[in-house]
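Worksheet for the structure shown next.
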4 protein chains.
Amino acid sequence: MQHFASDYMEGAHPLILQRLLETNMEKTPGYGSDHYCDSAKEKIRKACHCPHAEIHFLTGGTQTNATVIKALLRTYEGVLAPETGHISVHEAGAIEAGGHKVLTLPQEAGKISARSVEEYISRFNQDGNRAHMVKPGLVYISHPTEYGSLYSKAELEALSAVCKKYAIPLFLDGARLGYGLMAKASDVTLETIAKHCDVFYIGGTKVGALFGEAVVITRPHLIDNFFTIIKQQGALLAKGRLLGLQFDTLFSDNLYFDIAKHAIDMAEKLKQGLAAKGYRFYFQSPTNQQFIIVDNEKLEQLAQTVSFSFWETLDEQHTVIRFATSWATRESDVDQLLALL
Amino acid sequence: MQHFASDYMEGAHPLILQRLLETNMEKTPGYGSDHYCDSAKEKIRKACHCPHAEIHFLTGGTQTNATVIKALLRTYEGVLAPETGHISVHEAGAIEAGGHKVLTLPQEAGKISARSVEEYISRFNQDGNRAHMVKPGLVYISHPTEYGSLYSKAELEALSAVCKKYAIPLFLDGARLGYGLMAKASDVTLETIAKHCDVFYIGGTKVGALFGEAVVITRPHLIDNFFTIIKQQGALLAKGRLLGLQFDTLFSDNLYFDIAKHAIDMAEKLKQGLAAKGYRFYFQSPTNQQFIIVDNEKLEQLAQTVSFSFWETLDEQHTVIRFATSWATRESDVDQLLALL
Amino acid sequence: MQHFASDYMEGAHPLILQRLLETNMEKTPGYGSDHYCDSAKEKIRKACHCPHAEIHFLTGGTQTNATVIKALLRTYEGVLAPETGHISVHEAGAIEAGGHKVLTLPQEAGKISARSVEEYISRFNQDGNRAHMVKPGLVYISHPTEYGSLYSKAELEALSAVCKKYAIPLFLDGARLGYGLMAKASDVTLETIAKHCDVFYIGGTKVGALFGEAVVITRPHLIDNFFTIIKQQGALLAKGRLLGLQFDTLFSDNLYFDIAKHAIDMAEKLKQGLAAKGYRFYFQSPTNQQFIIVDNEKLEQLAQTVSFSFWETLDEQHTVIRFATSWATRESDVDQLLALL
Amino acid sequence: MQHFASDYMEGAHPLILQRLLETNMEKTPGYGSDHYCDSAKEKIRKACHCPHAEIHFLTGGTQTNATVIKALLRTYEGVLAPETGHISVHEAGAIEAGGHKVLTLPQEAGKISARSVEEYISRFNQDGNRAHMVKPGLVYISHPTEYGSLYSKAELEALSAVCKKYAIPLFLDGARLGYGLMAKASDVTLETIAKHCDVFYIGGTKVGALFGEAVVITRPHLIDNFFTIIKQQGALLAKGRLLGLQFDTLFSDNLYFDIAKHAIDMAEKLKQGLAAKGYRFYFQSPTNQQFIIVDNEKLEQLAQTVSFSFWETLDEQHTVIRFATSWATRESDVDQLLALL
């Protein structure tokens, strides 16, 4: 049996566990006011080339999205997002529970364009009923997207330009950011992201950590009292150093990037193997998630020996499934998976 | 200048004002515990053929939608609605402010079908991620819809059957209910609606009252403590008798139906006049709202002498506009409007 | 039977009904964009000596409190209020439903002092755990209070000074404002209130109108997009002119003040009569609400011939009850009440 | 320097880290559907003598309180809690952000009595305005309380009886439950708690785990769709097995109870040492938190060599401070602390 169902099936990179062990009995103050958090923040600021960034560590993705979005919006505003965005579909209504509408935009491979954002805002501004409607107050994107696709540098620049034009912050969900940054063909670096996004987060849960997302607020004073908002959302970890320690480790000696690159290498190997075996791709993903189209007959047989994610029903005979590699995938795992397919 | 911009441009039917005058200095207890409310409720129960219905009076449409939907949903549920539904587009995010997602369905002339509701729920039930998604907990429709269209009796029965099958309440927004009930070709009566909907409201604001919507809960005990929920939503009128008195008047001597029929007659006359003058209809509306397609050049000229509602941009040269008749429209108004067109 | 249970038992001042009648068939645009609203706003601005005030009309008190407070607070803030304040006790959790904590302060006769506000904020600022606590972001007072008491000019100045010192808005609930302004011994005028409060409202429901509260925002640009917030709260009246017309009438020819003065005169007469008959006052109220202490034995007997409000249980033998006069109370009503007591 | 500021200053019990290491590269499905969670749940059910309990693992205390309380209350209900309760004071308004009022009761040493609960509910039920007030829908207590105090078995029985009488669930916050269960004089066992509470949680964060709280729902079907509610609150850990593994370890071989007992032993030793040195106790705490009264002059001097928690200002000359022992406190730490004092 080979498991490729998701990129959060293992624990953490061994170096992280080692540091947890080494520091276990040390006494530190709580809630992120410890020196590990300070050190991790400093390393992330450097990696982002953003010396004045404000950084906070949260535990998971839905939590981070809900907390940041609630902090950025006023009561009468909503968030623009792709109709397939994680906040639109798979967060159990967390954004609405915070009081805000998710205003959906058409997507292509999980991405939205600067043009569609501008069209939405223009239509809103022209509408005679706009005072009766939800004002778009934020743009949410993910990179990589739910479909594993990536924005180009030019696309991010364009989105950022529209957001600046209308004085609306741009927020990037980077739950799988490492895998996006290390994708072969991408021209987007951490610096690019820090330059164009007002807020983004660097995903740890899916890229080497036990858990944890590092929120980077690139524009100082954008959010008042964010610490208290985190507490109110139930998102403040008592032993905050656990987050600091993990990100400090990931941002030492290029670890975050190296392990993300490994996942990409494994995904590329898998992609070639799948192509060689004649599998059809639903979508040419440049990152660690690979989507293939499978006959429904074959599906059940496959499920006996391989764990994957059901993605969507394509038609009556075919289903789209996902394989995900991760920092933890071994080359032999990929070989065995290909042998089983 | 002729005004056909909406159906809430005048005050109230003269009989209502007369009764307000007659009873003005009477002292009654507050919050709807007066005898006018009791009497109005009894008349509405009879008109609905629903002797056990629980009835509450609220002030306006968005308020009523937000209050009823919040009362009917559990924290993890959302409301299914047409993508053009009033709650989806024109209530400034009132449903989301109450913590709930509006789950949109494709619409035709503002209507959704039982099939699309069932498909949505089936897909939701099959989805491996459904525990991460918002559960559909209510179906919202309006009758007439925002486009002036009407459900047939068979369509309502089908919607009700799907709702019953999945144990989800059906809620009907009747802000313009009178105009729907009196439309020439409709086979839907108040009794039909009371039979098939778990909750609905009878619009007063647009049909003869100064303001007011009568919420009818046809299934006893469906909502606990609705009075307190109304108070919490800021929707409880101190001098509740004003609502009771208005509905008591509207439901005496067939007034609600007679004045609604008058609006329909005026709309039919307008429709014929427009057709005779060669205007193109965007949609064949059987109710008091008529939508026509106008050259943009003509639009500005028209706006000099007639007030109408901008509806939507059809293409670069054409715009859809709306004329609305009401209980207060005089035949001479229609004649003059047609003369001006 | 004499009814003194509350000050919202009758309809509206006859001049208001007369104008509703006169203008009934006039066609105006909706949602408060009509000329009656414009005229009323201008008259209120003049009465307040506050030419740049932004004014909005809402329907009722709880609705107004919930809407204003939600608009003024950020997500991490709460509202300071007397523990007996209407928002603390009798609004069914409307403030909390909007996501905010009511931070209660000790009260005397329904009032809070500048000192207690300052002490609360100082303690909050000193507390090592303040980032884990709700930040006081607004001060709420009512004038008259729930107990009929009044702030003096000096007290309002002091409250305003503390609020300015800590950059926190001061919001005054004036549901019974007229009765406060016309109380014999008060040195507080509408101008005083407009000078010291950032937002306040002038109650219509209890002072001559069918319904309606006029929100006065004395500091321009304090609240962004308040119109949309009102819509989102379900507090936007379709036929907004009904509110404009009522306030335009109340603020013509000193009507609001004259009818409020009448209620005070009636309350003074009642007070003297009660004192002469040996009734004990729970509290020396200078406004239209009078609170007396009654033997429980007498209570039931009284309830046969007089309607009053139960206020609170004083001890095992005694109960506090309230009589309220209003703009509509006739001198003969007071005479008869006193005869019945 | 000795650190006694809180009971969450270290990492986790070494056995937990060891198991994290051993299982690190194992692949498991996410969100708590792994075999470690299953095993932990089974062990907790046994320890509670509650074979049908539904168990969920969350990350932290505020998160757990907010999620459980939102799940248990209807929109018109609030939660009764001691005025010093964690949810009342130190959760940044998390309960109100979920839409619910915290209804505070007077406390003694952090505890509320069955009588005060009953009195509150009785007064509420008698109040003529109760439909305008927040209905008490849940009782929240903590054991140990914020002051380290404990309910007796009889007190818990009485609270449970009142809750049953009024059909209101009883929810116990057990963030420090282990220390309460192991206190010398307590007659309350885990079985007692499971018997009398409808929902409670077993704190891991402060008792040996890196993080984690185990929610025990003792009454099956009390909460519908709790998994989705957890997701919506952002409280669902992707690698849920981290929680399962920690609780599985804590509930193997009596570990949870043994390490809690150790903390109590250390607290007793500290208590005796403090008494011998003439320190005055603010309160006779039977658990791991000890509160002493210190001269303000001495306070600063103390702060040079010892880390403690500021608790509250007693008077102008004196301050209450807290020392907390934990599962990780070594006897030599206590000796050194006493030497420093």
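So how much accessible surface do D and C hide from each other in total, probe 1.4 Å, in square angstrom to the nearest 100? Let's see the in-between values first.
Numbers: alone 15380 and 15370 Å², together 29360 Å².
Its buried surface, counting both partners, is about 1400 Å².
Counting each DSSP H run of 4 or more residues in chain C as -39500 (n - 2.57), what helix-only mean residue ellipticity at 222 nm follows after dividing by all residues, to the nearest 500 deg cm²/dmol?
Details: 14 runs with 140 residues, N = 341.
Helices in chain C give a 222 nm mean residue ellipticity of -12000 deg cm²/dmol.
If contacts are Cα pairs under 8 angstrom and at least 6 residues apart, what is the relative contact order of chain A in percent?
Working: 637 pairs, mean separation 86.4, N = 341.
Relative contact order of chain A: 25 percent.
Under the Karplus relation 6.51 cos²θ - 1.76 cosθ + 1.60, θ = phi - 60°, what is the ordered set of whole-Hz ³J(HN,Hα) values for segment A:188-195, x standing for Gly and Pro?
9, 10, 4, 5, 4, 5, 4, 6
In a Debye calculation with equal point scatterers on the alpha-carbon sites of the protein assembly as shown and no solvent, what is log10 I(q)/I(0) at q = 0.06 Å⁻¹?
Computed log10 I(q)/I(0) values: -0.58.
If you build the convex hull over the alpha carbons only and average its shadow over all orientations, what do you get for segment C:177-304? Give it in nm² to one decimal.
Working: hull surface 44.2 nm².
Mean projected area for segment C:177-304: 11.0 nm², to one decimal.
When all alpha-carbon pairs of segment D:73-129 are counted, what percent fall beyond 16 Å? Let's see the in-between values first.
On the way: 754 of 1596 pairs.
Considering segment D:73-129, 47 percent of its Cα-Cα pairs are separated by more than 16 Å.
Of the options D:Ile16, D:Phe4, D:Ala47, report the single residue whose Cα projects farthest towards the positive end of the charge dipole of segment D:1-54 (beta-carbon charges: Lys, Arg +1; Asp, Glu -1).
Farthest along the dipole direction, towards plus: D:Ala47.
Residues with amide H under 5 Å of D:Trp311's amide H, sequence separation 5 or more or different chain, H placed in the peptide plane at 1.01 Å from N; which?
D:Val320, D:Ile321, D:Arg322
Nearest to the axis that maps chain D onto chain B: list the chain D residue whose Cβ wins, with the distance in whole angstrom.
Minimum Cβ distance to the axis, with residue: D:Gly99, 3.
Within the set A:Lys153/D:Lys231; B:Lys70/C:Lys70; B:Lys135/C:Lys135, which residue pairs have Cα atoms separated by over 28 Å? Present the calculation step by step, with values, prior to reporting the outcome.
Working: A:Lys153/D:Lys231 33 Å; B:Lys70/C:Lys70 18 Å; B:Lys135/C:Lys135 35 Å.
Distance filter (> 28 Å) returns A:Lys153/D:Lys231; B:Lys135/C:Lys135.
Between segment C:289-341 and segment C:9-85, what is the C-alpha centre distance in whole Å?
A separation of 31 Å, based on Cα centres.
What percent do you get for the relative contact order of segment B:211-301 when only Cα pairs under 8 Å and 6+ apart count?
Working: 34 pairs, mean separation 15.8, N = 91.
17 percent.
Which are the unpartnered cysteines of chain A, meaning those with no other cysteine Cβ under 4.7 Å from their Cβ?
A:Cys37, A:Cys163, A:Cys197
Treating the Cα atoms of segment B:22-73 as identical point scatterers in vacuum, please give the log10 of the normalised Debye intensity I(q)/I(0) at q = 0.20, 0.30 Å⁻¹, two decimals.
Those come out to -0.90, -1.09, one per q.
Using alpha carbon centroids, what distance separates segment C:218-257 and segment C:131-146, in Å?
Their Cα centres are 23 Å away from one another.
Among D:Gln63, D:Gln290, D:Gln126, which one shows the biggest mean-square fluctuation in a GNM of chain D, springs joining Cα atoms closer than 10 Å?
Top of the fluctuation ranking is D:Gln126.
Run through every distinct alpha carbon pair of segment C:125-240 and return the Kirkwood hydrodynamic radius in angstroms, one decimal place.
Values: mean 1/r = 0.0634 Å⁻¹.
Hydrodynamic radius (Kirkwood, Cα only) of segment C:125-240 equals 15.8 Å.
Can you compute the radius of gyration and Dmax for segment A:45-188, using only the Cα atoms, both in Å?
Using the Cα atoms of segment A:45-188, the pair Rg, Dmax is 15.1, 47 Å.
Going by amide H atoms built from the backbone, whose H comes under 5 Å of the H on B:Thr59, apart from near neighbours?
Amide H to amide H, under 5 Å and 5 or more residues apart or across chains, B:Thr59 pairs with B:Glu213.
For C:Thr189 and B:Ser152, FRET efficiency with R0 = 56 Å and r from the beta-carbon atoms, rounded to 0.05? Can you show the working numbers first?
Values: r = 62 Å, r/R0 = 1.11.
Step by step, r from the Cβ atoms, then E = 0.35.
On alpha-carbon atoms, Rg over Rh for segment D:37-126 using Kirkwood Rh? Walk me through the numbers on the way to the answer.
On the way: Rg = 15.7 Å, Rh = 15.1 Å.
When Rh is taken as the Kirkwood radius, the ratio is 1.04.
A:Glu22 label points, 7 Å along Cα→Cβ, one per copy: pairwise distances from this copy to the rest in nm, shortest first?
2.5, 8.6, 9.0
What does the charge count around A:Gly180 come to, taking other residues whose C-beta lies under 13 Å from its C-beta (Lys +1, Arg +1, Asp -1, Glu -1)? If you can, show how the numbers build up before the last one.
On the way: positive: A:Lys111, A:Lys153, A:Arg176, A:Lys184, A:Lys206, A:Lys261; negative: A:Asp7, A:Glu146, A:Glu155, A:Asp173, A:Asp187.
Charge balance in the 13 Å sphere: +1.
Could you give me the percent of Cα pairs per 10 Å distance bin for segment C:281-341, shortest bin first, beginning at zero and ending with the bin that holds the maximum distance?
20, 55, 23, 2
When only C-alpha pairs under 8 Å and at least 6 residues apart count, what is the relative contact order of segment D:151-267, in percent? Please list the in-between numbers first.
Details: 130 pairs, mean separation 31.0, N = 117.
Once divided by the residue count of segment D:151-267, the mean separation gives 26 percent.
How far is B:Ser309 from itself in the other copies, in nm, if each label sits 7 Å out from Cα along the Cα-Cβ line, shortest first?
3.9, 4.2, 5.7
Using θ = phi - 60° and the Karplus relation 6.51 cos²θ - 1.76 cosθ + 1.60, list the HN-Hα couplings for segment A:140-151 in order, rounded to whole Hz, with x at every Gly or Pro.
10, 9, 10, 8, x, 7, 4, 9, x, 7, 10, 7
How far apart are the D:His221 label points across copies, placing each 7 Å from Cα toward Cβ, in nm, shortest first?
So the distances to the same position in the other copies read 1.5, 5.8, 5.9 nm.
Please list 3J(HN,Hα) in residue order for segment D:165-172, calculated via the Karplus relation 6.51 cos²θ - 1.76 cosθ + 1.60 where θ = phi - 60°; whole Hz, with x for glycine and proline.
So the J values, rounded to whole Hz, are 4, 9, 6, 10, x, 10, 10, 10.
Straight-line reach from A:Lys277: which lysines have a Cα under 18 Å away, not including same-chain ones fewer than 8 places off?
Within the straight-line cut-off, A:Lys277 pairs with A:Lys269, A:Lys298.
What FRET efficiency would be calculated for the residue pair A:Leu21, B:Ser332, taking the C-beta separation as r and a Förster radius of 56 Å, to the nearest 0.05?
Values: r = 90 Å, r/R0 = 1.60.
Rounded to the nearest 0.05, the efficiency is 0.05.
Other chains near D:22-29: what is the mean number of their Cβ atoms within 10 Å of each residue's Cβ?
Values: counts 1, 2, 9, 7, 4, 15, 5, 6.
Mean shielding count: 6.
With a probe of 1.4 Å, find how much accessible area segment D:226-322 has per residue, and write the answer as a whole number in Å².
Working: 3810 Å² over 97 residues.
That works out to 39 Å² per residue.
Using only the alpha carbons of chain C, determine the length spanned along each of the three principal axes and report them from longest to shortest in whole angstroms.
Largest first, chain C extends 59, 55, 34 Å along its Cα principal axes.
Could you tally the net charge around D:Lys153, taking each other residue with its Cβ under 12 Å from the Cβ of D:Lys153, Lys/Arg +1 and Asp/Glu -1? Spell out each step's value before the answer.
Values: positive: D:Lys195; negative: D:Glu155, D:Glu157, D:Asp187, D:Glu191.
Combined, the nearby Lys, Arg, Asp and Glu give -3.
The values are calculated or read from the model by the stated rules, or taken from the named source; none is laboratory data. In this text, all values refer to a predicted model and were calculated from it rather than measured experimentally. All Cβ positions, glycine included, derive from the backbone under ideal geometry; neighbour counts span all protein chains shown. Remember, those area values only see protein heavy atoms, side chains included, never the ligands or the DNA or RNA. Shrake-Rupley method; radii C 1.70, N 1.55, O 1.52, S 1.80 Å.
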